[in-house]
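The values are calculated or read from the model by the stated rules, or taken from the named source; none is laboratory data. On a predicted model such as this, the values are computed, not experimentally measured, just so you know. All Cβ positions, glycine included, derive from the backbone under ideal geometry; neighbour counts span all protein chains shown. When the accessible area is computed, the model is the full protein with side chains, heavy atoms only, and any ligands, DNA or RNA have been set aside. Shrake-Rupley method; radii C 1.70, N 1.55, O 1.52, S 1.80 Å.
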Amino acid sequence: MDFGGGDEIRFERAGALGIVTLTRPKALNALTHRMVKALALALSEWEADPNVATVVLKAEGRAFCAGGDIMDVYRARQTGAPAFQFFADEYRLNAHISRFSKPYVSLIDGIVMGGGVGISCHGSHRVMTENAQFAMPEVGIGFFPDVGGSHLLPDLGESFGMYLGLTGARIRYGDALWSGIATHTTKAELLPGLLERMAAMDEPEAALREVFSPARRETEPEVLRAIGRHFSKPTLSAVMESLRRSATDGDAFAEQTLATVATKSPTSLAVTFQSITRGSRRSMDDCMRMEYRILRRMLDGHDLYEGIRCALVDKGDKPRWRPDSLDDVSDADVEAHFAPLDEGE
């Protein structure tokens, strides 16, 4: 089946399943605009097709999807045509997945970050194997947890989502299950049989129960309590002050977390805190509108391109953020990211 994705994404039918496979393993299945448009078209057709009961999303190679292809974003800026349309189409796709009327099963066997989270974790069933690693590391490249991160992260409880968003920390399948990011965990070796079982069924629940393999939470209870204590504060400055006080008392978690946060874009940290806070009170569609406003401002700014440059172009170079201190990020600077757009809403 061809929905215009070329050799980057494959579409198949097997029994009652519509199967989507990401096929850019050498690029860690990073999303391109062509992949986004093809998936959106397939979902619209399959949602209306009575012969498709369930959609399954999977990937080739060792990564499920490491995010959007950010080098495309970097190159677009250099040509004088910032990548507004890619993100607009991607965000519409994320919103469609969140309200997709049929079971949408993501088989996450490997790294899932950024854009990969957007096409998987808003679906009805998120199945992770022992190889899965989840992260929203965008603050490290001068960006923010988009693709519905403002809707997903507030729901994790105990301020775990705020911690993930501000630090970019990676977690494995046990933490993903217990925080609610994953709905099921299983062993990678069982995925082929799971796919066969689901193809013969009208709904995936029975097959998922058969392969369910409980995973314990990896983050220790005392660390979870520390996360809840520090990251539940009402302002970002209060979060930082709480961490500093504990670090002064010799708390290893607080020291390590402060060191991690210190490497991130100050503007990204401030905007991320506000997006997660505000997202807790908004619908998915409203979160996506909010995120698009932020995205437009960041595409016109400095830190995103500086972060990409240091991560992928001049690898190892230390980013020169503007501003380079949280103290220099004003409330007005942050609020400007959330203001309505003059056009393109």
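Taking the charge dipole of the chain about its Cα centre, with +1 at Lys and Arg Cβ atoms and -1 at Asp and Glu Cβ atoms, the residue from 341, 279, 35 reaching farthest to the positive side is 35.
Compute the Cα gyration tensor for region 51-192, then decide on rounded, prolate or oblate, letting a ≥ b ≥ c be the square roots of its eigenvalues: rounded whenever a/c is under 1.5, prolate when a/b is larger than b/c in the other cases, and oblate in all that remain. Walk me through the numbers on the way to the answer.
On the way: a/c = 1.61, a/b = 1.31, b/c = 1.23.
Prolate.
For region 274-283, putting each phi into the Karplus relation 6.51 cos²θ - 1.76 cosθ + 1.60 with θ = phi - 60° gives couplings of 5, 5, 5, 4, 6, x, 5, 10, 10, 6 Hz, in residue order, rounded to whole numbers and with x for Gly and Pro.
Using 0.36 nm times the number of residues separating residue 262 and residue 313, minus their current alpha carbon distance, what extension gain do you get?
16.2 nm
Once the 1.4 Å probe is applied to the protein heavy atoms, the chain comes out at 43 Å² accessible per residue. Among 290-301, 158-169, 72-83, the peptide with the highest mean count of other Cβ atoms within 10 Å heads the list, and the full ranking is 158-169, 290-301, 72-83. The protection proxy used here, the mean number of other Cβ atoms lying within 10 Å of each residue, ranks peptides 184-190, 119-125 as follows, highest first: 119-125, 184-190.
How much of the accessible area of region 70-228, in percent, comes from carbon and sulfur atoms when a 1.4 Å probe is used?
Numbers: 3080 of 5900 Å².
Its accessible area is 52 percent carbon and sulfur atoms.
Where (1) 71, 48, 37; (2) 58, 49, 37; (3) 84, 54, 34 are the candidate values, the label of the one calculated here for Cα extents along the principal axes in Å is (2). Computed per residue of the chain from DSSP H runs no shorter than four, each worth -39500 (n - 2.57), the mean residue ellipticity at 222 nm is -13000 deg cm²/dmol.
Taking H placed 1.01 Å from N in the peptide plane, check which residues at least 5 places from residue 18 or on another chain put their amide H under 5 Å from its amide H. Counting only residues 5 or more places away or on other chains, the set is 53, 54, 55, 56. Near residue 218, once Lys and Arg are set to +1 and Asp and Glu to -1 for all other residues with Cβ below 10 Å from its Cβ, the sum equals +1. Using the alpha-carbon atoms, what tilt in degrees (0 to 90, nearest 10) does helix 33-48 show relative to the longest principal axis of the chain? On a 0 to 90 degree scale, this one is about 50.
Under the combined filter of DSSP loop state and at most 14 neighbouring Cβ atoms within 10 Å, region 78-167 retains these trypsin sites (Lys or Arg not before Pro): 99.
Of all DSSP beta bridges confined to the chain, the antiparallel ones make up roughly 30%.
Could the peptides 230-243, 139-152, 263-276, 41-54 be put in order, highest first, of the mean number of other beta-carbon atoms found within 10 Å of their residues? Mind dumping the intermediate values first?
Values: 230-243: 17.3, 139-152: 26.8, 263-276: 24.7, 41-54: 15.7.
Final packing ranking: 139-152, 263-276, 230-243, 41-54.
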